[in-house]
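Below: one structure, written as structure tokens.
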Amino acid sequence: MKVINISLDGVPNDYASGLVPLVIQQLGYKIQWGPYAVADLTIVGPFHHQSKPMRFIPKPLRPFASMVKDVMPIKRKNSPLTLFHTQENVRHNAIEADFSISLDLGVSNNNHLRLPYWMEMIDWAHEGITTNKNPRYGRLMILDRLMQPLGMNFKGRSQKIAFITSHLNEPRKLLYQHLNSLMPIEGFGPYFDQSIRSHHQSSFTKYELLQEYAFNLCPENSLYPGYVTEKIPEAFYAGCIPLTWVDTNVICDFNPKAMINLMPLVHENFSSFKVLLNSPDAFKEISQHSLLLNKPSLEPLRVFMLEILRQARS
């Protein structure tokens with residue numbers, strides 16, 4: 001097995017257990033996590049300027065290491081290869097790097113790969129990945145289920161909207177106020193229950209909670225072509241009709257007929273959604289569509305990472 005030394009800078013705390021490291025290991029590499037000084041590859045995330053560069057050094061030694069670094073800056077004969085990987089709505093070239101992985105669409109660069117964040121939450125056992133997790137939701141999503149119609153089971157559920165959120169910044173405030181005047185919304189999460197410190201420390205999983213509701217308000221925090229997270233598929237997988245707010249290029253990932261995108265309805269004050277609520281056959285039509293029209297694969301990620309690893313160790 002080949003060894004690859006990797007340093008992390010500005011990535012989420014659980015990045016080491018995510019999809020990219022798992023694919024690297026699947027490709028036959030043993031990862032040794034460490035500091036920049038010994039890295040073959042440095043993976044830089046969107047929180048680059050907020051990261052702690054000495055987190056790999058025991059805390060008692062960090063003050064001394066910091067003084068040494070100031071007096072004797074780290075020198076290397078060769079700099080490590082760099083990969084910028086963002087799972088946030090941050091542009092693929094926000095940080096200069098040799099390669100990049102982002103959610104951006106329309107990037108004409110062979111050194112860039114689009115990897116939608118929702119793919120982190122898929123059960124990839126059929127492709128040999130078995131240890132990724134989705135603790136907040138409560139389970140991984142199986143692709144075959146997302147490729148089946150929603151079905152009519154939602155009709156027997158509470159005809160209310162479940163809304164799980166930690167804040168009510170726009171557009172969430174706008175959507176909450178308008179939709180709550182049309183259909184009851186039941187709120188969950190840190191915004192509605194201040195005893196919850198974060199989604200990861202709540203007393204419920206999203207999948208279990210959403211079983212009781214016909215609808216799930218699941219807007220993206222912001223808009224950009226390609227920015228699609230786990231919110232829509234998690235609503236659909238739980239048997240809810242997703243009420244979302246997303247860029248219309250969502251068609252590159254999901255079937256727009258399997259959801260209700262509220263973003264294009266603002267100019268009409270959501271009048272089309274009001275019509276839907278008064279049309280018994282409208283939601284029946286939505287329930288007959290699958291969310292995925294094409295089955296995704298990790299093969300593009302494997303090919304992309306294989307070239308990065310080859311260059312990093314050359």
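The values are calculated or read from the model by the stated rules, or taken from the named source; none is laboratory data. Remember, it's a predicted structure, so these values are computed and weren't measured experimentally. Note that we place each Cβ from the backbone using ideal geometry, even for glycine, and neighbour counts take in every protein chain shown.
Given the conditions (1) surrounded by 15 or more Cβ atoms within 10 Å (Cβ to Cβ); (2) in contact with a helix residue (DSSP H, G or I) (Cβ under 9 Å, 6 or more places away or on another chain); (3) under 22 Å from residue 87 (Cα atoms); (4) modelled with pLDDT of 95 or more, which single one is not true for residue 297?
Every listed condition holds for residue 297 apart from (1).
Would you mind listing the strands (runs of 3 or more DSSP E) fully within the range 88-189 where at least 3 residues are more than 19 Å from the chain's Cα centre (by Cα) and not hydroxyl-bearing (Ser, Thr, Tyr)?
158-164, 185-188
Starting from residues that are free of Cβ contacts under 8 Å to residues at least 60 places away in the same chain, crowded, with 21+ Cβ neighbours inside 10 Å and assigned to a strand (DSSP E or B), keep the ones in the range 23-45 and report whichever is farthest from the chain's Cα centre (by Cα).
42
Which pairs turn up if I take residues in the range 207-220 that are in contact (Cβ under 8 Å) with a residue 24 or more places away in the chain and look for partners that are assigned to a loop (DSSP other than H, G, I, E, B) and of a type in the set (Lys, Arg) with beta carbon separation below 8 Å, at least 6 apart in sequence or on another chain?
Every condition considered, the pairs that remain are 207/139; 211/157; 212/157; 213/157; 214/157.
To keep it simple, each residue is scored yes or no on (1) in the same structural domain as residue 167 (by TED's automatic domain parsing); (2) assigned to a loop (DSSP other than H, G, I, E, B); (3) of a type in the set (A, V, I, L, M, F, W, C).
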residue	(1), (2), (3)
207	yes, no, no
222	yes, yes, no
243	yes, no, yes
246	yes, yes, yes
254	yes, yes, yes
266	yes, no, yes
276	yes, no, yes
282	yes, no, yes
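Condition first: without any contact (Cβ under 8 Å) to a residue 24 or more places away in the chain and under 23 Å from the mean Cα position of the chain (by Cα). Now tell me which residues in the range 244-273 satisfy that.
248, 250, 251, 256, 261, 264
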